[in-house]
Ligand code: NDP
């Protein structure tokens, strides 16, 4: 039986549980595309599965949520792709040589975008875009807060929000990270490592009459959630979309009534659940890149064998922009 290499884990834990195993190459099926992955994107969610914060269906589990590569074969009924096409895709278990995915979650890589850039931008780009369009639809002139603004998702949020005409208050843990956020369009910079009282005060000082921001986009979670409630203005929106510092504590919804705040906990996959939605947002995302409104920032390309180091760097707050895995060829 033909086999391929895959990054898996058989029990949850630290990076020491990660192993590279030989697994069978999947057989092509109707409506599916078999892709030889060249690069896989590394996302924070991959660390949640590895650590056990999010459950996995079974062990051993293959990690990874997106990749870019070359179509190896297509199943019956597939019309948009043919062997040899350069594609980018979402899926479960993409830290591997060959992925079998439905045609619906695959897109051609547009001209001018490198494969590694495509692997770097799909999930974080679609997350940022769908949240700016649907979680809270950003209007020209809005003042919004973006946490962890120099991270992978953060830097895309900053650039897209800028393109949509927002005034951006960006947070990060170091002066260097804040400078990077500024270079990508952030208007006001707040270092949140001084603690909640300080960053809340600093953020409010940048808003009209100290009333707070129209919307908060927060992928940090536990460490920032309470402060978010303080800096969201009356009738504003709090978009809590991740747990880089841990999941926010359980929340009594009655508290929202103090300022009639809208609270969302969105997941990308529920925004791009149909072919139409996936195609619509993917094309819009690629449009920003083509128009030079969105630059793809790759922190580093790690060889597949160095996946443990990639997870350590991401969880250790040692990165800016996106981490990419070069799959063994
Ligand atoms: P990032 O590149 O943003 O890395 C996470 C950043 O979070 C760090 O660089 C760090 O920046 C900040 N951070 C704050 N506190 C901590 C902490 N205790 N430990 C580690 N990092 C911390 O990662 P991603 O762009 O991949 O993901 C960002 C968030 O977006 C994650 O929460 C992820 O789960 C979420 N996400 C959600 C999706 C959804 O569908 N809901 C889809 C995609 C991503 P600093 O040093 O500046 O504080």
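Modelled spin labels at residue 283 and residue 3, positioned 7 Å past Cα toward Cβ, are 4.4 nm from each other. By DSSP, what percent of the beta bridges with both residues in the chain are antiparallel, rounded to the nearest 5? So the antiparallel bridges amount to about 55 percent of the total.
Could you work out how much longer the chain between residue 53 and residue 193 gets when fully extended? Use 0.36 nm per residue separation minus the Cα distance between them, nm to one decimal. Mind dumping the intermediate values first?
Numbers: separation 140, 0.36 × 140 = 50.40 nm, distance 2.39 nm.
Gain on stretching residue 53 to residue 193: 48.0 nm.
Here the extension length gained between residue 318 and residue 258 equals 17.9 nm, from 0.36 nm per residue of separation less the Cα-Cα distance. Extending 7 Å from Cα along the Cβ direction at residue 108 and again at residue 140 yields two label points whose distance is 3.3 nm.
Assuming 1.002 mPa s and 20 °C, estimate D for the stretch 127-268 with Stokes-Einstein, Rh taken as the Kirkwood radius over Cα pairs, in µm²/s. After rounding, the answer is 147 µm²/s. As a calculated quantity, the FRET efficiency between residue 234 and residue 291 at R0 = 41 Å, using C-beta atoms, amounts to about 0.70.
Histogrammed with a bin width of 10 Å, the alpha carbon distances of the chain distribute as 6, 26, 33, 23, 9, 2, 0 percent, first bin at zero. Let a ≥ b ≥ c be the square roots of the eigenvalues of the Cα gyration tensor of the stretch 152-210; is it rounded (a/c under 1.5), or, if not, prolate (a/b larger than b/c) or oblate? In terms of gyration-tensor shape, oblate. Residue separation of residue 247 and residue 267 scaled by 0.36 nm, minus their Cα-Cα distance, works out to 5.8 nm of gained length.
Set the Förster distance to 41 Å, then compute FRET efficiency between residue 306 and residue 82 from the Cβ-Cβ distance, nearest 0.05.
Once rounded, the FRET efficiency stands at 0.80.
Legend: calculated FRET efficiency, residue 92 to residue 226, from the Cβ-Cβ distance at R0 = 35 Å, rounded to 0.05, equals 0.60.
If packing is taken as the average number of other Cβ atoms within 10 Å across a peptide's residues, how do 169-181, 115-127, 46-58, 139-151 rank, most packed first? Please report the intermediate quantities before stating the final value.
Details: 169-181: 20.5, 115-127: 25.5, 46-58: 15.5, 139-151: 23.2.
Highest-to-lowest ranking by the protection proxy: 115-127, 139-151, 169-181, 46-58.
With each label modelled as a point 7 angstrom along the Cα→C-beta vector, the residue 274-residue 173 pair spans 4.1 nm.
Helix 115-130 axis versus longest C-alpha principal axis of the chain: approximately 40°, rounded to the nearest ten.
Laboratory data are not the source of any read-out in this text; all were calculated from the coordinates shown. Predicted model only: the values in this text are computed from it and were never measured. Don't worry about glycine lacking a Cβ; one is built from the backbone with ideal geometry, like all the others, and counts go over all protein chains shown.
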